[in-house]
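As structure tokens, the structure follows; a few thoughts come after it.
Each reported figure results from applying straightforward, stated rules to the coordinates on display, with no laboratory input. None of the values given here were measured: they were computed from a predicted structure. Methodologically, a virtual Cβ is constructed for each residue, glycine included, from the backbone with ideal geometry; neighbour enumeration extends over all protein chains shown.
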Amino acid sequence: MNRKLILLFSLFVVLALMLVACGGDTAEEATEPAAADTTPTEEPAAATPEEAMPEEEMAEETVTIGFTASQTGNYNVESTRQINGLNLWMDQVNEAGGITLPDGTVLKFDSVFYDDESNTDRVQELYTRLATEDEADFLISPYSSGLTDASAVIAEQYGTIMITTGAASDSTYQKGYSLVFQAYTPASRYLTGALDLLAATDPDVKKIAIVNEDSKFSTDVATALNDYATELGYEVVMFEGYPPETTDFAPFINKIQEAAPDAIFGGGHFQDGSTLVKQLDEKAVPANMVALLVAPPEPSFAELGDAALGVVGPSQWEPLAEFNAESAAAAGMDFYGPSSQEFTDAYMAAYGEEPSYHAAGGFAAGLLLQKAIEDAGTLDTQAVKAALDNLDLLTFFGHNQFNTSAESHGLQEGHSMVYIQWQDVNGELVKEVVWPAEGASAEALYPMP
């Protein structure tokens with residue numbers, strides 16, 4: 001080997017040794033991942049979405065309930081109690097830890113509300129704001145049928161489910177809406193339950209008289225009762241209205257006596273109803289049952305003394321109604337939420353007064369929404385709507401089930417008015433719930449004295 005070849009060979013060896021010492025790789029080797037990078041011990045498996053997101057970020061979601069309340073205006077008292085009931089429901093759900101969905105998300109509730117001033121135009125403006133700017137997930141109606149009717153069209157327009165309470169009108173649910181659901185017994189069934197009570201108590205009675213105040217609400221109720229009585233085969237021997245200002249019922253009482261009904265139905269508001277009952281008693285008109293609108297459930301009705309004894313009246317709810325798990329089981333129904341007593345105790349603790357049916361209606365609206373969300377397992381509008389369509393259960397507020405037809409979708413079909421009757425308990429006039437049977441606190445006094 002000549003000198004030049006020896007020198008070149010020596011340089012090659014030196015370079016090779018230097019490359020080995022520096023750990024150099026060829027270009028092909030650099031593109032290959034190191035073997036250690038593929039082993040589980042050196043690189044953990046990819047995180048699942050649940051592991052990748054901190055638990056506190058995915059576990060809780062705030063659901064916004066939008067509504068208006070008449071903090072001022074004609075409906076201030078009733079509306080305030082309705083919202084007290086709704087807020088009590090919201091507080092109880094949140095304090096209990098919220099609603100847990102199947103995917104582990106916990107729902108807590110908050111509200112956005114405005115003073116509607118008992119004004120229809122303002123209601124439409126405010127519900128539009130709730131549905132758009134405030135992006136409310138669900139809506140609760142204002143108090144009163146008129147204001148509710150104005151808000152329902154907005155809820156439907158913006159595709160937001162609304163539970164209505166404090167509103168008994170039937171017509172709101174006969175306009176093709178699909179997302180509006182009624183908690184109250186509709187006006188068309190305000191007195192039909194009293195006829196059911198009569199039928200259950202004395203199936204042999206067939207002659208009834210309907211004498212009512214000549215006002216829209218009372219006439220609607222009386223007309224529906226007349227249709228229902230005819231359908232059931234009763235003979236309506238008198239169906240007549242009287243002017244709202246009537247104070248002397250002698251001409252009507254004379255007609256009642258001539259017709260000789262077994263039971264008398266009707267009335268209107270407190271003053272006329274109280275006066276009619278008093279004069280029926282003074283004339284000693286024989287009747288096995290007297291059932292009138294509005295007046296009998298009022299505590300001051302007891303001031304009529306013996307004239308009040310046995311008189312029946314409808315109410316959306318009463319604190320002494322025995323709606324609980326036991327009464328539901330006896331009726332073959334599912335029960336959901338607190339009992340009447342538990343709701344009453346909680347409301348009194350929160351607000352220092354016995355709850356009216358307006359307060360109970362506010363709480364019930366939230367309770368129905370809660371059950372639907374739980375059944376749906378999601379906040380998706382159509383899924384919650386389907387859950388509401390399928391509801392059929394007893395709550396402290398009574399039976400709840402909605403009409404699902406296109407003609408009357410959302411109309412309340414399950415909830416019946418609670419019918420109270422003034423009875424003598426140890427020499428004192430007291431109210432007792434006598435219908436429906438699953439909520440009764442006492443048997444009906446029949447025939448009335």
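The table that follows gives values for the structure above.
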item: On Cα atoms only, tilt of 3-22 relative to the major axis of the chain in degrees; result: 30
item: Degrees between helix 216-231 axis and first principal axis of the chain (Cα, 0 to 90, nearest 10); result: 80
item: Region 75-188 - Debye-derived log10 I(q)/I(0), Cα point model, q = 0.12, 0.14, 0.19, 0.20 Å⁻¹; result: -0.44, -0.60, -1.05, -1.14
item: Calculated P(r) of region 268-396 - Cα pairs past 22 Å, %; result: 54
item: Only Lys, Arg (+1) and Asp, Glu (-1) charged, at Cβ; the chain dipole about Cα centre in debye; result: 580
item: Isotropically averaged projected area of region 212-339, using the convex hull of Cα atoms (one quarter of hull area), nm²; result: 9.5
item: More than 17 Å apart - percent of Cα-Cα pairs taken over region 159-265; result: 60
item: Charge-dipole axis of the chain as Lys and Arg at +1 and Asp and Glu at -1 on Cβ define it, positive-most pick from VAL112, TYR228, ALA328; result: TYR228
item: Packing-based exposure ordering (other Cβ within 10 Å, fewest first) of SER441, SER118; result: SER441, SER118
item: Net dipole in debye of region 204-281 [+1 Lys, Arg Cβ; -1 Asp, Glu Cβ; about Cα centre; nearest 20]; result: 80
item: Bins of 10 Å from zero: percent of alpha-carbon pairs in region 327-449; result: 12, 35, 33, 15, 4, 1
item: Sites SER171 and ASN426, calculated FRET efficiency, Cβ-Cβ separation with R0 30 Å, nearest 0.05; result: 0.10
item: Magnitude of the charge dipole, region 209-362, Cβ model with Lys/Arg +1 and Asp/Glu -1, debye to 20; result: 200
item: Other-chain or far-sequence residues with amide H under 5 Å of GLU61's (modelled H); result: VAL106, LEU107, LYS108
item: Angle in degrees between helix 381-390 and the longest Cα principal axis of the chain, rounded to the nearest 10; result: 40
item: Computed helical MRE - 222 nm, the chain, DSSP H runs ≥ 4 contributing -39500 (n - 2.57), nearest 500; result: -12000 deg cm²/dmol
item: Estimated FRET transfer efficiency when R0 is 30 angstrom, pair LYS108-MET333 (beta carbons, to 0.05); result: 0.55
item: Gain on full stretching of the segment that runs from MET348 to GLU258 - 0.36 nm per residue minus C-alpha separation; result: 27.6 nm
item: Ratio Rg/Rh [Cα only; Rh per Kirkwood] for the chain; result: 1.34
item: Cα convex hull of region 62-132 - mean projected area over all directions, nm²; result: 5.3
item: Separation in nanometres of the label points that stand 7 Å from Cα toward Cβ, at ASN74 and GLU95; result: 3.6
item: Farthest toward positive dipole pole in region 353-441 [+1 Lys/Arg, -1 Asp/Glu at C-beta], among ALA372, VAL425, ALA440; result: ALA372
item: Considering only the chain, percent of DSSP beta bridges that pair antiparallel, nearest 5; result: 35
item: For region 404-413, Karplus couplings with θ = phi - 60° (6.51, -1.76, 1.60), whole Hz, Gly/Pro x; result: 10, 6, 5, 6, 9, 4, x, 5, 6, 10
item: In range of the label at ALA406: residues from region 168-199 whose backbone nitrogen is under 20 Å from the point 7 Å along Cα→Cβ; result: 171-181
